[in-house]
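Accompanying notes for the structure given below.
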Amino acid sequence: MSNDKQNISANTQPSAQSDAQPALRFWRIFGLKQLDVYLIKKFLNTFLFAILLMALISCVIDYSEKVDSIVQKKTPFLEVANYYKNFIPHIVALLFPLFIFIATIFFTSKLAYKSEIIAILAGGVSYTRFLRPYVIGAGFLCTISLVFNHWIIPLANKQRIAFEDKYINDANLRCVSDNMHLGISRNTYVYLQNYSYNSNTGNHFTEEKIDGILLKEKLMANYVTYDTIKKIWHLHNVTIRKNDSATESVTKFNELEKKYPFSPSDLNRTDAIKEALTTSQLDEYVERERLHGRENLNFYYVEKHRRTAQPFAGFILTIIGVCIASRKIRGGSGFHLALGIVISAVYIMFLQVSTTFSTKANLNPFLAVWIPNFVFAGVAWFLYRKQVK
């Protein structure tokens, strides 16, 4: 009987090893050891579980806020489903740095609590070598986040914002009433006191042509309407004053048709549009807004730089999370998670303050977005050197 058992065990052990060999060979192609594979899998699984759980909770909360409008307007189910298909990438991108940080702290703290990290380091593995799978996992996630932030998320946001404008925000009933000024060429500027998207009508329209400091021509209309078919503007009760520095002439028209290089959509300069443009489209939009005379464009530059800085923030916070949670302490995972939440709150506050200084006080947008990363990179380096010692 014992001989049979030995034969069975002898037959099963080689087969188990042979099953594991292809997987090991695959990872060894990338220079990864069994320790790397183990930690990377733990890291990615914990992050995916945390971010998907939060995305699901966010969808439920968002639906509860919008359900009245959705039911009232009898929104088709497929459009609602498509909206949340685009909402999930938006919320995942928004929470990415924080949840890669929380995921790192959570599973590393569990490893420390079970004394697995002590066993790894006692086996002759240096702390720098122990960090390698975290660097690989964080680098992989941050690269995906970088690509998504610049190209994929804006496309999803475009559909998400279109749905909200159609079914939630009553986009067709908006009225711009904040004294819109646009530059339509190097020396031509237009002004509208307000514009109603419901009737395609604006009041108190002015066009000014300026040569240096000389106002050569000023056109004034009591109200204007936009022809969406012909793409032209109808001006009513028009007065045109021309000045060549020596003489001045005044001409009046009851109605006048003109084709201008702008449409009502250019008047609707909502902040949400920055989220719906890919980075190349955002650059083109900012250049057009500068031509139109927009003074403070830092709000858009902040968005552009944020798309690159956010993935790097996730990488930096990962290093901080490992250094904090790799020590076995009496408080266990609970203390590590509480500390992680506090650090996350400090990071968010720091980022909010610096971006506010950019949009309100003309701080350089690049510095506004990257200052928190520079500060926390210093913290990460300090914690790493402390752990190595």
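If I ask for residues that are within 19 Å of Ile120 (Cβ to Cβ) and not polar (S, T, N, Q), which ones from segment 315-357 would you list? Scanning segment 315-357 gives Ile319, Gly321, Val322, Cys323, Ile324, Ala325, Arg327, Lys328, Ile329, Gly332, His336.
Going by the structure shown, is Pro76 modelled with pLDDT under 90 and open to solvent by 30 Å² or more (accessible area, probe 1.4 Å)? Spell out the reasoning first.
Numbers: modelled with pLDDT under 90: no; open to solvent by 30 Å² or more (accessible area, probe 1.4 Å): yes.
No.
Screening Pro154 on (1) open to solvent by less than 70 Å² (accessible area, probe 1.4 Å); (2) under 19 Å from Asp36 (Cα atoms); (3) in contact with a Leu (Cβ under 7 Å, 6 or more places away or on another chain); (4) not β-branched (Val, Ile, Thr) shows it passes everything except condition (2).
Look at segment 257-273: where a residue is among the charged types (D, E, K, R) and at pLDDT below 85 and a partner is surrounded by 16 or more Cβ atoms within 10 Å (Cβ to Cβ) and part of a loop (DSSP other than H, G, I, E, B), sitting 6+ places away or on another chain with Cβ atoms under 9 Å, you get Asp266/His292; Arg269/His292; Arg269/Arg294.
Being farther than 17 Å from Ser109 by Cβ, in contact (Cβ under 8 Å) with a residue 24 or more places away in the chain, open to solvent by less than 70 Å² (accessible area, probe 1.4 Å) and part of a helix (DSSP H, G or I) is the requirement here; does Val346 meet it? Against the criterion (farther than 17 Å from Ser109 by Cβ, in contact (Cβ under 8 Å) with a residue 24 or more places away in the chain, open to solvent by less than 70 Å² (accessible area, probe 1.4 Å) and part of a helix (DSSP H, G or I)), Val346 does not qualify.
Taking segment 203-242 as the range and being open to solvent by 50 Å² or more (accessible area, probe 1.4 Å) and more than 20 Å from Asn179 (Cβ to Cβ) as the test, the residues that pass are Asp211, Gly212, Ile213, Leu214, Lys216, Thr228, Ile229, Lys230, Lys231, Arg241, Lys242.
The set of residues in segment 189-202 being of a type outside the set (Phe, Trp, Tyr), over 11 Å from Val224 (Cα atoms) and crowded, with 16+ Cβ neighbours inside 10 Å consists of Val190 alone.
The set of residues in segment 89-113 being open to solvent by 40 Å² or more (accessible area, probe 1.4 Å) and more than 22 Å from Ser58 (Cα to Cα) consists of Lys110, Tyr113. Please work out if Ile70 is open to solvent by less than 40 Å² (accessible area, probe 1.4 Å), in a helix (DSSP H, G or I) and within 23 Å of Ile341 (Cα to Cα). No; evaluated as a whole, the condition is false for this residue.
Any residue at all in segment 114-132 that is of a type outside the set (Gly, Ala, Ser), in contact (Cβ under 8 Å) with a residue 60 or more places away in the chain, part of a loop (DSSP other than H, G, I, E, B) and open to solvent by 30 Å² or more (accessible area, probe 1.4 Å)?
Yes, segment 114-132 contains a residue that is of a type outside the set (Gly, Ala, Ser), in contact (Cβ under 8 Å) with a residue 60 or more places away in the chain, part of a loop (DSSP other than H, G, I, E, B) and open to solvent by 30 Å² or more (accessible area, probe 1.4 Å).
Does His336 fit the bill of being over 25 Å from the mean Cα position of the chain (by Cα), part of a helix (DSSP H, G or I) and of a type outside the set (A, V, I, L, M, F, W, C)? Against the criterion (over 25 Å from the mean Cα position of the chain (by Cα), part of a helix (DSSP H, G or I) and of a type outside the set (A, V, I, L, M, F, W, C)), His336 qualifies.
The values are calculated or read from the model by the stated rules, or taken from the named source; none is laboratory data. Bear in mind that the values here come from a model prediction, so they are computed numbers and not experimental data. We place every Cβ from the backbone using ideal geometry, glycine too, and count neighbours over all the protein chains shown. The area values use the complete protein model at the heavy-atom level, side chains included, leaving out ligands, DNA and RNA. Shrake-Rupley method; radii C 1.70, N 1.55, O 1.52, S 1.80 Å.
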